[in-house]
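Scroll down for the structure; my scribbles are underneath it.
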Amino acid sequence: MTSYEHLLQVLRDQGHRLTPQRLIVLRVVAEGHQHMGVDEVFREAQAAYPFMDLATVYRTLRLFKQVGLVTEVAIGDRLHYELIQPDDRHHHMVCRVCHGAFNLSPHYLEEFNSTLVNEFGFVPDLDHFTITGVCVNCRSEGRKPSDQIPKEVLTHEDHS
């Protein structure tokens, strides 16, 4: 079973209909790059199905998040989505200056998780964790969050 077929099976197993709109949005996210913005998903889905509307894309992405197919990452003032890969769990670091999104391996949070459990008896939900800050490129260039930022969202590959 391919990854795409597995995603379809997850939807079926949870009793969700496989509407043409859901199939298109799922394929767009599955074939797209990491951290796709809603507007980008909408444009690509509408290219495949001209009758697609933005509200349907939002509802579909929200459903996919609820059933555990996608994760939602806030980058800048917009939400971005990527498929959850069971064999490639990761968290995110998002730069407040350039809005770059960097993957962060879960092993970096293991000690944090243990500390919360051992010292406070609190079991955190660290399935989808995002840390904001300033990336090394922006720091080395001396850029600050108030600097002029290009409107495009930059995404970066895993630096962990």
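Throughout, read-outs are computed from the coordinates displayed, never taken from laboratory work. Worth saying up front: this structure is predicted, and the values here are computed from it rather than measured. Note: ideal-geometry Cβ built from the backbone for every residue, glycine included; neighbour counts use all protein chains shown.
Tell me, E72, E110 in order of fewest to most beta-carbon neighbours within 10 Å?
Ordered from fewest to most neighbouring Cβ atoms within 10 Å, E72, E110 come out as E110, E72.
Kindly express, to the nearest 10 degrees and within the range 0 to 90, the angle between helix 3-13's C-alpha long axis and the longest C-alpha principal axis of the chain.
Its long axis makes an angle of about 70 degrees.
Amide H of T132 versus every other amide H placed in the peptide plane: which residues, excluding those fewer than 5 positions away on the same chain, fall under 5 Å?
V94
Quote the relative contact order of the range 1-60 in percent (integer), defining contacts as alpha-carbon pairs under 8 Å separated by 6+ residues.
Relative contact order for the range 1-60 comes out at 30 percent.
Taking every DSSP beta bridge with both residues inside the chain, roughly what % is antiparallel (nearest 5)?
Beta bridges within the chain, antiparallel portion: roughly 75 percent.
As I understand it, the value is the acute angle between the Cα axis of helix 110-120 and the longest principal axis of the Cα atoms of the chain; what does it come to in degrees, rounded to 10?
In the chain, helix 110-120 runs at an angle near 80 degrees to the longest axis.
Please name which of M93, S140, V67 has its Cα lying farthest along the dipole of the chain towards the positive end, using unit charges on Cβ (Lys, Arg +1; Asp, Glu -1) and the Cα centre as origin.
V67
Taking the chain as the reference, fit the longest principal axis to its C-alpha atoms, fit the long axis of helix 54-66 to the helix C-alpha atoms, and give the angle between the two in degrees, 0 to 90, nearest 10.
70 degrees
Return the label of the correct value of percent of Cα pairs over 18 Å apart, as calculated from the structure shown, out of (i) 68; (ii) 72; (iii) 64.
Calculated percent of Cα pairs over 18 Å apart: the matching label is (iii).
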